[in-house]
Amino acid sequence: MPISKKGAQTKKIRTGLLLTLIVIVGLFFRLFFFNGVGISDPIEYSIYAIELSKGDFPPKEYDHGVTRLGLILPTSLSYYIFSVNEVSSVLFPLLLSIGGIILIFFFAKLLFNEKVGLIAAFLLSIYPLDVVNSTRLLSDLPSAFFAGLSVFIFLKAEKFNDGLKNKSLYLLSGLLLGLAYMIREMAILTALFFLIYVLYKRKIKSGYLIVGAGFLIMLLAEMFLFYHFFNDPFFKINALNSPQLLEVFKGLNYYGRNEFPKFFLTWPFVIYGDIQTGYFYLFVLLSASYWLFHRKDETNYLLIWFLSILLYLYLGSQSLRTYAPFVAVERFLTLITIPGLLLLAAFLNEKEKILKKLILPFTLIFLFVTSIGAAHLEVSKTLYGKENV
């Protein structure tokens with residue numbers, strides 16, 4: 001039976017109110033478990049941003065973290081407007097963390113429906129990895145937000161017929177991926193989604209080339225900034241592939257990551273052994289397994305995105321010169337938070353009675369309760385910095 005115009009309007013208002021409530025819950029979680037700048041990498045980013053806000057950039061001493069201009073520039077602007085303090089230091093990642101809750105709702109609405117969107121938004125609002133890192137001056141969460149927004153805009157463009165609006169969306173998608181790369185180079189792994197998506201669709205559109213053009217524009221803009229600050233347009237590439245940094249990568253042997261056969265066990269150990277991700281990933285990977293056997297286009301897109309990056313983190317190299325496996329650090333998984341939680345939300349919205357009456361409420365309540373404990377334990381740690389790369 002079709003919904004009346006008044007009924008549709010009422011439903012829209014109710015959905016808007018529920019999303020607003022979820023955003024408020026997410027903001028409360030993030031402020032209640034406020035971290036502040038932290039030590040190690042966050043301190044360095046803060047110093048670079050302070051120097052930039054004073055017009056004294058580049059600093060006399062720096063490491064590869066200085067290449068992440070996409071994080072340093074907005075933090076510097078925050079310092080310029082609000083002065084240097086704990087809140088202004090993390091304002092950029094905090095705003096994007098809240099923005100991520102809204103983004104994942106519209107992502108689910110685009111692929112599925114509003115109910116899936118509300119479930120996904122709630123899951124992200126309490127997800128410990130996102131909650132904890134939302135108030136740390138780190139590049140992972142902001143980079144993942146813009147990478148996710150890039151994929152969202154791309155899939156939105158795919159739903160339009162060719163035209164000016166369509167091509168503008170493709171261009172915006174490429175620009176956003178370039179911005180994510182400027183914040184943290186690991187965001188380039190999102191390109192795996194675009195490449196496999198093209199193979200999955202078995203056709204090439206002019207819009208796909210426009211995505212690449214948008215990314216290239218941002219890459220050229222970044223090279224101009226490096227030329228301006230360091231007199232070297234290839235400063236980022238040189239810094240990330242320097243022999244000194246490669247030695248650092250080789251020396252990072254967390255949980256035996258550089259040893260065989262421990263190499264294959266470190267990521268599972270980190271995913272399920274870390275309280276920020278363990279409970280969630282139990283449900284996320286079960287959902288991914290479900291969708292591998294109950295496939296449809298919408299979930300296939302998410303599986304391509306989620307599994308391609310996860311497998312590259314597991315087996316791939318973070319250097320172009322030599323094989324240097326990614327250190328098993330839970331915050332690197334931020335890059336696949338959105339597709340992972342969308343797969344879970346879509347699974348929880350399946351029509352089977354046992355899902356609606358038992359598994360859905362149990363999952364939401366269980367994750368809500370465990371998230372409080374996880375965030376509390378993480379914030380209560382007296383030392384931080386063991387995972388900064």
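May I ask you to say which residue of PHE57, PHE82, PHE34 is within 22 Å of VAL131 (Cα to Cα) and among the aromatic types (Phe, Trp, Tyr)?
On inspection, the qualifying residue turns out to be PHE34.
Note on the stretch 59-117: among residues that are surrounded by 17 or more Cβ atoms within 10 Å (Cβ to Cβ) and among the hydroxyl-bearing types (Ser, Thr, Tyr), the one that is farthest from the chain's Cα centre (by Cα) is TYR79.
A count restricted to the stretch 255-278 and to residues that are open to solvent by 20 Å² or more (accessible area, probe 1.4 Å) and assigned to a helix (DSSP H, G or I) stands at 8.
Return yes or no: is PHE122 aromatic (Phe, Trp, Tyr) and open to solvent by 30 Å² or more (accessible area, probe 1.4 Å)? Yes; evaluated as a whole, the condition is true for this residue.
Check whether at least one residue in the stretch 115-124 is touching a helix residue (DSSP H, G or I) at 6+ places or on another chain (Cβ under 8 Å), of a type outside the set (A, V, I, L, M, F, W, C) and more than 15 Å from THR337 (Cα to Cα), and report yes or no.
no
Being open to solvent by less than 30 Å² (accessible area, probe 1.4 Å) and closer than 24 Å to LEU27 by Cβ, is that true of even one residue in the stretch 152-163? Yes: one or more hits.
Within the stretch 317-333, is there a residue that is in a helix (DSSP H, G or I) and polar (S, T, N, Q)? Checking the stretch 317-333: not a single residue is in a helix (DSSP H, G or I) and polar (S, T, N, Q). Tallying residues that are open to solvent by less than 70 Å² (accessible area, probe 1.4 Å) and in a helix (DSSP H, G or I) within the stretch 28-46 yields 7.
Here HIS294 fulfils each of the conditions (1) under 11 Å from PRO339 (Cα atoms); (2) open to solvent by 40 Å² or more (accessible area, probe 1.4 Å) apart from (1). Checked across the stretch 279-301, the condition of being over 30 Å from TYR200 (Cα atoms), part of a loop (DSSP other than H, G, I, E, B), at pLDDT below 90 and not aliphatic (A, V, I, L, M) holds for no residue. Screening the stretch 363-389 for residues that are open to solvent by 30 Å² or more (accessible area, probe 1.4 Å) and of a type in the set (D, E, K, R) and picking the one that is modelled with the lowest pLDDT gives LYS386. Of the residues making up the stretch 313-359, those that are in contact (Cβ under 8 Å) with a residue 24 or more places away in the chain, open to solvent by 20 Å² or more (accessible area, probe 1.4 Å) and within 25 Å of the chain's Cα centre (by Cα) are TYR314, GLN318, LEU320, PHE347, ASN349.
The values are calculated or read from the model by the stated rules, or taken from the named source; none is laboratory data. Given the structure is predicted, the values throughout are model-derived calculations rather than measurements. Quick reminder, even Gly has a Cβ in these numbers, built from the backbone with ideal geometry, and neighbours come from all protein chains shown. Calculation scope for accessible area: heavy atoms of the full protein, side chains included, ligands and nucleic acids excluded. Shrake-Rupley method; radii C 1.70, N 1.55, O 1.52, S 1.80 Å.
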